[in-house]
Amino acid sequence: SGLPAPATDFRDTVSGLPMRAAAGLALDRALAETARTGRTTACITLCLDEPGHLIERYGQAAHDRVLRSLAERMLVVLRQNDVVARLEGDRFAIALGALRRADLEMLIQLCARLQTAVQEPLSIDAMSIYLSASVGFCLPGRAPAQTGEAMLKAAETALDDAWRNGPSAIRAYSPEVAQAAANRLVLQDRIEQALERGEIVAHFQPQLSTDTGEVTGFESLARWNHPEHGVLPPSEFLPVIMASGLS
């Protein structure tokens with residue numbers, strides 16, 4: 001038995017896919033069937049690694065054609081009872097229909113197949129466009145709650161982590177991934193204040209001549225002198241600055 005059709009006919013005008021609510025509803029119904037059938041489900045989210053570059057280089061019309069092509073490619077990889085929906089921007093959600101089993105190995109293999117389909121060169125206006133995509137997923141047993149929306153948000157959290165570690169990364173949702181995301185939100189709440197207070201400073205690393213041993217220059221390295229967490233390296237706060245639009 002496949003997933004019932006979504007209770008809404010609202011579709012994205014660019015990709016032709018249903019919207020976010022369809023993925024959440026499909027997951028809810030699949031979770032409700034689990035106790036009766038013993039089958040399971042999973043949620044996958046996918047995004048382009050550099051959507052802004054695509055628009056800047058090829059224009060909005062080409063960008064929209066790419067999204068339509070990606071939607072078609074994902075539908076070919078998946079089964080008829082899997083639901084593909086468009087999320088905000090260049091993100092997609094996949095609610096997998098009834099599965100006999102769903103584990104890390106199987107999901108990683110499926111995510112890799114989706115990446116391969118997305119990353120095949122696209123020909124638009126006699127130009128070959130090469131893309132990469134990051135993927136996050138959530139298994140029911142790891143979801144923070146047994147609801148479709150909880151699984152979808154968890155998969156998005158995993159996708160955010162994959163995108164930061166990309167390109168072409170795959171991440172599964174886990175409590176550790178969720179905690180790291182929560183920590184970033186805490187830093188994001190303070191980043192503007194940190195910039196205003198001068199907490200982000202330059203540390204200078206000397207460069208030595210191997211011939212004479214003398215200092216020939218310095219490399220400037222950003223550090224955040226956080227009042228609670230101590231000295232933080234750029235990997236901890238530069239993504240937060242960029243996400244806040246303060247770069």
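The values are calculated or read from the model by the stated rules, or taken from the named source; none is laboratory data. From a predicted model like this one, the values you see are computed outputs, not experimental measurements. Heavy atoms of the whole protein, side chains included, go into the accessibility calculation; ligands, DNA and RNA do not. Shrake-Rupley method; radii C 1.70, N 1.55, O 1.52, S 1.80 Å.
Some observations on this one:
- Compactness of the range 14-145 is given as radius of gyration and Dmax, 15.5, 52 Å, from Cα positions.
- The ellipsoid equivalent to the alpha-carbon distribution of the range 133-193 has semi-axes of 21, 16, 8 angstrom, derived from the gyration tensor eigenvalues as √(5λ) and listed largest first.
- When you restrict to C-alpha pairs under 8 Å that are six or more residues apart and normalise by the size of the chain, the relative contact order lands at 18 percent.
- Accessible area per residue (1.4 Å probe, heavy atoms of protein chains only) ranks Ser15, Ser235, Ser247 as Ser247, Ser235, Ser15, with the largest value leading.
- In the chain, the alpha-carbon atoms span a convex hull of 178 Å³ per residue.
- Alpha carbon centroid spacing (whole Å) that separates the range 141-192 from the range 31-58: 13
- In the chain, the longest principal axis of the Cα atoms and the axis of helix 175-197 are about 40 degrees apart.
- Remark on Ser132: its backbone amide H falls under 5 Å from those of Asp49, Glu50, a criterion applied only to residues 5 or more positions apart or on other chains, H modelled at 1.01 Å from N.
- Couplings for the range 74-79, taken from phi via the Karplus curve 6.51 cos²θ - 1.76 cosθ + 1.60 with θ = phi - 60°, read 5, 5, 5, 5, 8, 8 Hz in order; Gly and Pro are left as x.
- Length-normalised contact order of the range 142-247 in % [C-alpha pairs under 8 Å, at least 6 apart]: 17
- Dimensions in Å of the range 101-229 - Rg and Dmax from alpha carbons: 21.5, 66
- Using the Karplus relation 6.51 cos²θ - 1.76 cosθ + 1.60 with θ = phi - 60°, the per-residue 3J(HN,Hα) values for the range 159-172 come to 5, 4, 5, 5, 4, 5, 9, x, x, 6, 8, 10, 9, 9 Hz, with x marking Gly and Pro.
- Seen against the Cα atoms of the chain and their longest principal axis, helix 104-119 is set at about 80 degrees.
- Principal-axis tilt of helix 20-37 within the chain, Cα atoms, nearest 10 degrees: 60
- Across all directions, the shadow cast by the convex hull of the range 162-247 built on its C-alpha atoms averages 8.2 square nanometres.
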